[in-house]
Amino acid sequence: MKIYSLILAKGQSKRLPHKNIRMFHGKPMFLWNVEKCLGIFDECYVSSDSDKILKMAKKAGAIPIKRNKALCGNVPNIPIYQQSLKAMKDADVIVAIQACSPTIDEWLLETTKNLMLSGCKELMTCHPMEENEVVVNKELRKQNNKQKEQICTTETAEKQRTVTRWFSWKP
């Protein structure tokens, strides 16, 4: 059974510009999950509208998928998955992982792979908030248009964590 990972990493974000390539502990954020996926899944694909992201993904060992212009901007993920599936060869299972969740644990990816291998048809995971976590609001000001943005991050005493939402399915 072939199990592939798919990371959607668009080039622009309205709330946080270039978030997928922002540096996180020494490397672009999306590359953390690319590197994890390369060690766990049969193949790792990265779908993006950004040539820069696709070049970085290919250099890291992932297979780039150039997103159609119609699938750029504020578009639901399902049509992007459908386009990406056409570029994948003989996928039995696809595990979609968020580009902006660099702290996702490898054991969770491995567990997902094993659950899918055991016959699970569909799976969605989430990260429960712990009692010792504090939500920190940060305000960013854009100089050109003075718009305010709020970004919520979840921090623990040991490490930063993001609430993750990703899922797998058999096409």
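Accessible surface for segment 1-125, divided over its residues, is 52 Å² per residue with a 1.4 Å probe.
Net length available on complete extension from residue 14 to residue 114 is 32.4 nm, with 0.36 nm assigned per residue and the Cα-Cα distance removed. Of 27/121; 86/113; 52/121; 66/121, which ones are farther than 31 Å apart at the Cα? Among 27/121; 86/113; 52/121; 66/121, the Cα-Cα distance tops 31 Å for 27/121; 52/121. Once both labels are positioned 7 Å from their Cα atoms along Cα-to-Cβ, the gap between residue 123 and residue 59 label points is 3.2 nm.
The values are calculated or read from the model by the stated rules, or taken from the named source; none is laboratory data. Keep in mind the model is a prediction, meaning the values are calculated, not measured. Glycine gets a Cβ as well: all are built from the backbone with ideal geometry, and neighbour counts include every protein chain shown. The area values use the complete protein model at the heavy-atom level, side chains included, leaving out ligands, DNA and RNA. Shrake-Rupley method; radii C 1.70, N 1.55, O 1.52, S 1.80 Å.
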